[in-house]
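The values are calculated or read from the model by the stated rules, or taken from the named source; none is laboratory data. Bear in mind the structure is a predicted one, so any value in this text is a computation, not a measurement. Cβ placement follows ideal geometry from the backbone for every residue including glycine, while neighbour counts extend to all protein chains displayed. Note: areas computed on protein heavy atoms with side chains; ligands, DNA, RNA excluded. Shrake-Rupley method; radii C 1.70, N 1.55, O 1.52, S 1.80 Å.
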Amino acid sequence: MVNYGGDEVSALVLDIGTSTVRAGYAGDDTPKAIIPTSYGFKKDASAEEDVSMTEPGEEGDASPKPSPKVTMYVGNNGPTVWREGMEVAHPVRDGLIQDFGPIPALASYAFRDVMRCDPTEHPLLVTEPAWNTASNRERMAEIMFEDFGVPAFYIANTGVLNAFAAGKGSALVIDIGHDTASVTPVIDGFVLRKGLAHSALPQLVRAHAHHLLTSSNSSRPGIQLLPHQLIANKQAVDAGVPPRFTLRADRQAGTTESWRKWYEDREVEEWIQAVAGVLDQGWNEQAAAQRGARHYEFATGYNYYFGSERFSVGEQFFTHSPQLVASNPNLPKSIPALITQSLSACDPDIRQVLMGNVVLTGGGSLFAGLSERLSNELSRNFAHVKIHAPGNPTERRYGGWLGGSILASLGTFHQLWISKEEWQEHGSKIVAQRCK
Amino acid sequence: MAGASAADVRSILSLPSPSTPGPSQPKAKVLGTSERARKPEGISRELYSLIGPSAPTLAAQLAKPRLKQKPNLGGGGRVKWEWQTFKNAGRTDDLRLSHWAKTGTDPEAEYPFAKYNVQPTSYVYSQDEYSRFLEDKEWTREETDYLFELVREYDQRFYIVGDRYDYPGGSPRTLEDLKDRYYSVCRKLVRNRPWAGDEASKAQLISSFQFDKDREATRKKYVACLENRTKAQIAEEDALYVELKRLEQTERRFKKNRDELLRTLLGVESGLPDIPVEDEAPLNGSGLHVDTKDIKKNKRKGTHEVETPISATPYSANVISLGQPVPRKAQSAKSAAYDALHCIIRTEAPQTTSNKAAHTPVYLRGLKLPAPKSAVAAKIAQILGELGISHTRLVMPTKENCAQLESLIEAAAALVETKKCVDKVEQDIRIAKMRLSSQANEGEEDAAGTPSGMDVDEDAEGVEDEMEDGRAPSVVSTRSTRSIKGYKQVRSLRLHLLSAMLTSNSHDDPQYPLSTPLQPGLFQSVENGRTIAGSYLCILSSCSVFSPISGMLLLRKFYVYRHKISSTYHATAIVLCSERTDGVHDSSRFLIDIIISCISG
């Protein structure tokens, strides 16, 4: 037991990301429950008819907002299912939990409905971004102790956990998530807070892609990003030909703007994942044209071969066009800029260590060609760069959870848990003391 | 086995052996039960009956192999695991977490991971200690406490400490400030506290807290500078580095090639390649009749072998035997005085075949003794051997001795060359005389006419005159450089010698050939007296053979200038003369006597 350092106490690990909430047992290599962080809700006086629907992990008033009566739809059948008048909200902004209202519902859905376990029996490790606020983590601890009654609690940093998942104690963690890209220097399992840098870069990329798709250009008209739930039928058409489909008239009225927007975002995201890419040697029109076009069909039936434009999307990760910079002063920083900012805040002595241990993680880093491009960019500017980018998509997407799974199953870690007793004795300040 | 015998059947069925054995089993009785009892385990009965007890080793090998015991994977006693709570000694509260443990494990036993909970030693100080040793105008007690708390909390990970350090109201601190303060406090505490161990361990501990803030800051600055190089700077540095490497390589190759060349041509070990090339143009111009074409040719061939100018005599090519005088670079009076003051002797660089003046590394003079030309080396060695002188080794190779040896060798070489010429000339003369006598026998009546020999001599005289009038004086008058002048005088001397040899043979007129070259003024103007004397001796030796009177005259001049001639030349003179004792002239002996008297007197 001591030999490999593990001692599993069947702890739970909860990783709340912008896109998904991951939950599972410590010691596993993949989370058991992966549910969207977004949730649907209906503000409704007569909400009873929707409660009768069985499929959503309906969590009534676990932690209600001050609004009168809210029906929440969380889980895999939550926001993705069309419901009349259902709004979609998102508790996480900029990596931080802005709205703790749905958090208990989400956690409860993950623990009780997906994992079918009782949180009162398991210590719980929760992750947080490195720029999390003290009040946020205390609030989280409070929810877990008071609402879920966990026997022990710990909150760990995703940057550190990503480094652990890569098997490193010191690393420069480049985490590209759904909404936020961050660069976190980690030394000996501690985050160097001064070197922390993050920006809403993936949002910019998505916005760029959205703009690219919806605006018409010389070769094709603008594309309608309609979710399939709103389409009654469609006919197969040739590539580039305007789609022939009919909308579901019955759903037109009940579709909320937030749901439609959320789903459009999903459509764009899917398009990005399927088609978009980045050139490995910087933007080059010829090279982009040489890579060939890729076919994609939207929910409307419209399909098209996307040529070099699909590579202009990924370019947003690394460079911004001058006119974009000029027009938008609060442009999120590109990845090279983030790395430069992070490194310049670090001690010169450890820069070499960090650059030798670059960990690329996060679901957004699975963007086609991104790791090659990043490797090229870095080796052009730094002497000895070594990038650790797991080839396994699960490890890349759930790196933070995986690191938590490793940490919470270590024998030496068990003395760090904040026990319920300590929580009751010391109150919220114990969190800052224990979780450094 | 081909088939079971009756005995086998009996044996299988455990029947007693029959009282009367069958013919097929004559030995059945012999194999008693005792034998069978000794049948080892693991060997079949049939095989044993075949091989008998005579192969016990084989039997041992055939014993049933004992396999390694199968691991008992809990097959026998099933291990039961149970969900057990445990107490972690690393915790201050009594949180009871649970894990799977083997049944029977004491739940109260010490948690195996608790031993890794090692607290680092941290220094604490009292107010008294602080006020006595640790006061620092930069730091307050509170901030120091804060620092020590952080260092303890982050286990002396100063990068983290520096990152998290945020003392409210304090001035911003660099990592070096923090380290300096922490280590200086620790040093002072160790130094001033009573120490239980020995001094060495205390000193070691103190040295482990050593921290030089300025040095560290400078070092970090350098590291930052190194990182802040622009791409262009890095590229330039790389390019410079590559260029440097390339230059080094080229230089090495050049040096290697040059060394190889020198070794091949001269056997000279060359030194550093970066010695400026000396301009040797004056040497090229030293020849009398060297035209531009010759100069070019010489430049290409190398300058050491300055050809004797082509003159009227067909033998001139054979007479160049004397070592050419070393041209001395004009030395300023100041530097000469300086040299004299500091006992500096400037040696001339040896002539090399290379057009470039090779740098001559430092060498021992004794290792670079002059060597005769290989063509005449054997004869010279013979001459020197007769003298009892070893030219390959000098007992005391001082500068003077070496110079003398060199002169000796030069003179000896000249002698050899001259003798060769003389032999040839004698041969020619003999032939000519024979022809003359035959002619005389043929036509006695024609005796009134001028002898043809005279005609020949007149021609020679004409040449001589021409040389004297046209060439030699002009050389003396026009050339100002002393070395060149000296060299040319020697050269003209040789020419005179040549004509003298020719004329003296036919005329036996002592006055004519030698009067001009032996003008005292000419001699005195010559700087390099030894070389002149060497030539003089050659003249002497060659003339003495066929013209005793002119030889005597020469000897007289020789005697006059003997103070310029070192003893080696005296010895050479003896040799030269003694070589001629087999000649027909009595004057040879007479000459020897004179020379000996010269030397002794």
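Restricting to chain A, compute how many DSSP beta bridges are antiparallel as a %, nearest 5. Present the calculation step by step, with values, prior to reporting the outcome.
Working: 42 of 56 bridges.
Antiparallel: roughly 75 percent of the beta bridges in chain A.
With a 10 Å radius around each residue's Cβ, average the other Cβ atoms per peptide and rank B:365-373, A:13-21, highest first.
Details: B:365-373: 14.2, A:13-21: 26.2.
Per-residue mean Cβ counts within 10 Å order the peptides as A:13-21, B:365-373.
Hey, what do the phi angles of segment A:25-41 turn into as Karplus ³J(HN,Hα) couplings, whole Hz, using 6.51/-1.76/1.60 and θ = phi - 60°, x for Gly and Pro?
Result, ordered by residue: 8, 5, x, 7, 9, 9, x, 6, 10, 10, 10, x, 6, 5, 9, x, 8 Hz.
How high is the relative contact order of chain A? Use alpha-carbon pairs under 8 Å, at least six apart in sequence, and give a whole percent. Mind dumping the intermediate values first?
Details: 894 pairs, mean separation 90.2, N = 436.
Once divided by the residue count of chain A, the mean separation gives 21 percent.
Per-residue mean of other chain beta-carbon atoms within 10 angstrom of the beta-carbon, peptide A:346-357? Please report the intermediate quantities before stating the final value.
Values: counts 3, 10, 10, 7, 1, 3, 2, 1, 0, 0, 0, 0.
Mean partner-chain Cβ count within 10 Å for A:346-357: 3.
Shielding of A:410-418 by partners, i.e. mean partner chain Cβ atoms within 10 Å per residue? Display every interim value, and only then the final one.
Working: counts 2, 8, 9, 2, 10, 12, 2, 5, 2.
What the average comes to for A:410-418 is 6.
Let me confirm one metric for peptide B:157-163, namely the mean number of other chain beta-carbon atoms within 10 Å of its residues' beta-carbons.
Working: counts 4, 1, 12, 8, 1, 4, 12.
That works out to 6 on average.
Rounded to the nearest 100 Å², what is the buried accessible area between A and B, both sides summed, probe 1.4 Å? Can you show the working numbers first?
Details: alone 19210 and 39390 Å², together 55650 Å².
Buried area (both sides, nearest 100 Å²): 3000 Å².
Efficiency by 1/(1 + (r/R0)^6): what FRET value for A:Leu324 and A:His426, r their Cβ-Cβ distance, R0 = 60 Å, to the nearest 0.05? Present the calculation step by step, with values, prior to reporting the outcome.
Details: r = 49 Å, r/R0 = 0.82.
Efficiency computed from Cβ-Cβ geometry: 0.75.
Only four residue types carry charge here, +1 at the Cβ of Lys and Arg and -1 at the Cβ of Asp and Glu. Report the dipole size of chain A about the Cα centre in Debye, rounded to the nearest 20. Don't skip to the answer; put the middle values down first.
On the way: 38 positive and 49 negative charges, 243 e Å.
The dipole magnitude comes to about 1160 debye.
Check which residues have an amide H placed less than 5 Å from A:Leu360's amide H, if you skip close sequence neighbours.
Counting only residues 5 or more places away or on other chains, the set is A:Ile174, A:His388, A:Ala389.
Report, in deg cm²/dmol and to the nearest 500, the calculated mean residue ellipticity at 222 nm for chain A, where each DSSP H run with n ≥ 4 adds -39500 (n - 2.57) and the sum is divided by the residue count.
Details: 17 runs with 140 residues, N = 436.
The per-residue figure over chain A is -8500 deg cm²/dmol.
Where does segment B:132-274 land on the Kirkwood hydrodynamic radius, alpha-carbon pairs, in angstrom?
Details: mean 1/r = 0.0486 Å⁻¹.
The answer is 20.6 Å.
Among the listed pairs B:Lys334/B:Lys399; B:Lys188/B:Lys221; A:Lys261/A:Lys429; A:Lys386/B:Lys220; A:Lys194/B:Lys213, give every one whose C-alpha distance is greater than 30 Å. It would help to have the intermediate numbers written out before the result.
Numbers: B:Lys334/B:Lys399 23 Å; B:Lys188/B:Lys221 28 Å; A:Lys261/A:Lys429 40 Å; A:Lys386/B:Lys220 23 Å; A:Lys194/B:Lys213 22 Å.
Cα-Cα > 30 Å for A:Lys261/A:Lys429; rest within.
Quick one: give the max-minus-min coordinate of the C-alpha atoms of segment A:332-392 along each principal axis, largest first, in Å.
The Cα atoms of segment A:332-392 stretch 32, 25, 19 Å along the principal axes, largest first.
If you place +1 on the Cβ of every Lys and Arg, -1 on the Cβ of every Asp and Glu, and leave all else neutral, what size is the dipole of segment B:85-221 about its Cα centre, to the nearest 20 Debye? Walk me through the intermediate numbers first.
On the way: 24 positive and 26 negative charges, 89 e Å.
Once rounded to the nearest 20, the dipole reads 420 debye.
Among A:157-164, B:44-51, what's the highest-first ranking by average C-beta atoms within 10 angstrom per residue?
Numbers: A:157-164: 28.9, B:44-51: 13.8.
Result, highest mean Cβ count within 10 Å first: A:157-164, B:44-51.
Which trypsin sites (Lys or Arg not before Pro) from segment B:149-239 combine a DSSP loop assignment with at most 16 other Cβ atoms within 10 Å?
B:Arg229
Rounded to two decimal places and with Rh computed the Kirkwood way over Cα pairs, what is Rg over Rh for chain A? Walk me through the numbers on the way to the answer.
Working: Rg = 22.7 Å, Rh = 23.1 Å.
Rounded to two decimals, Rg over Rh is 0.98.
Considering the options A:Leu360, A:Leu402, A:Gln433, tell which one lies farthest towards the positive end of the dipole of segment A:355-436, charges being +1 on Lys and Arg and -1 on Asp and Glu at the Cβ, about the Cα centre.
Towards the positive end, the residue furthest out is A:Leu360.
So if we plug the beta-carbon distance of A:Phe100 and B:Glu135 into 1/(1 + (r/R0)^6) with R0 = 51 Å, what FRET efficiency do we get, rounded to 0.05? Spell out each step's value before the answer.
On the way: r = 49 Å, r/R0 = 0.97.
Result of the calculation: an efficiency of 0.55.
Using every Cα-Cα pair within segment B:174-238, state what percent have a distance larger than 19 Å. Working shown, then result.
Values: 1090 of 2080 pairs.
So the portion of pairs separated by more than 19 Å is 52 percent.
How large is ³J(HN,Hα) for each residue in segment A:237-242, as worked out from phi by the Karplus curve 6.51 cos²θ - 1.76 cosθ + 1.60 (θ = phi - 60°), to whole Hz, x for Gly and Pro?
Values, residue by residue: 10, 6, 5, x, 7, x Hz.
Evaluate the relative contact order of segment A:342-434 (contact order divided by residue number), counting alpha-carbon pairs under 8 angstrom at least 6 apart; express in whole percent.
Details: 61 pairs, mean separation 24.3, N = 93.
Relative contact order here is 26 percent.
Quick one: 3J(HN,Hα) in Hz for segment B:156-173, Karplus 6.51/-1.76/1.60 with θ = phi - 60°, rounded, Gly and Pro as x.
Once rounded to whole Hz, the list reads 6, 7, 6, 5, 5, 4, x, 6, 8, 5, 8, 7, x, x, x, 6, x, 10.
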